[in-house]
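One structure below.
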Amino acid sequence: MNGCTHLILLYWLDRADRSMLKAFPPYDGKEHGVFATRSPNRPNPIGFGVVELQKVEGGKLKVRGLDAIEGSPRLDIKPYFSEVDSIPNAKVGWRK
């Protein structure tokens, strides 16, 4: 992790409702299928986050910007590459 500023974290949303197939995102308040939203309630509750790496101490990473409940199980950690991982003009159909 030496010299790495940002990471991709995959984590398990272990308290999510896995039976939910619809969600009301806060951005427009209309109902959408969960796969068109970022709702944690979904059949396969894998969380994805890009975080800022602040510090590495032994085997622990201190990060900023993770949208997860403390204690959520981590699945994987990957370095974030802005040249590869960013798609500047990507759109979501219902989000204007």
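Evaluate segment 1-18: report whether one residue or more is surrounded by fewer than 10 Cβ atoms within 10 Å (Cβ to Cβ), on the phi > 0 side of the Ramachandran plot and assigned to a loop (DSSP other than H, G, I, E, B). Yes, the conditions are met somewhere in segment 1-18.
Listed by first and then second residue, the pairs linking a residue in segment 56-74 that is free of Cβ contacts under 8 Å to residues at least 40 places away in the same chain to a residue that is charged (D, E, K, R), with Cβ atoms under 9 Å apart and 6 or more places separating them unless they lie on different chains, are 62/55; 64/52; 65/52; 67/38; 71/14. Does segment 50-61 contain at least one residue that is more than 15 Å from residue 4 (Cβ to Cβ) and touching a Lys or Arg at 6+ places or on another chain (Cβ under 9 Å)? The answer is no, given that none of the residues of segment 50-61 is more than 15 Å from residue 4 (Cβ to Cβ) and touching a Lys or Arg at 6+ places or on another chain (Cβ under 9 Å). Going through (1) surrounded by 11 or more Cβ atoms within 10 Å (Cβ to Cβ); (2) at positive phi one by one, residue 71 falls short only on (1). If you go through segment 1-35 and keep only what is farther than 27 Å from residue 85 by Cβ and of a type in the set (A, V, I, L, M), you end up with 20, 21.
Within the set of pairs 6 or more residues apart or between chains, which connect a residue that is within 22 Å of residue 70 (Cα to Cα) and in contact (Cβ under 8 Å) with a residue 60 or more places away in the chain inside segment 5-31 to a residue that is hydroxyl-bearing (Ser, Thr, Tyr) and not in a strand (DSSP E or B) with Cβ atoms less than 6 Å apart? Once the first residue is within 22 Å of residue 70 (Cα to Cα) and in contact (Cβ under 8 Å) with a residue 60 or more places away in the chain and sits in segment 5-31, its partners that are hydroxyl-bearing (Ser, Thr, Tyr) and not in a strand (DSSP E or B) give 6/80; 7/80; 8/80; 11/72.
Just to verify a result, which residue in segment 39-59, among those that are surrounded by fewer than 17 Cβ atoms within 10 Å (Cβ to Cβ) and among the β-branched types (Val, Ile, Thr), is farthest from residue 72 (Cα to Cα)? Within segment 39-59, the match that is farthest from residue 72 (Cα to Cα) is 56.
None of the figures in this text is laboratory data; all of them are computed from the coordinates on show. Values in this document were obtained by computation on a predicted structure and should not be read as measured data. A quick note on method: Cβ atoms are made from the backbone with ideal geometry, for glycine too, and the neighbour counts reach across all protein chains shown.
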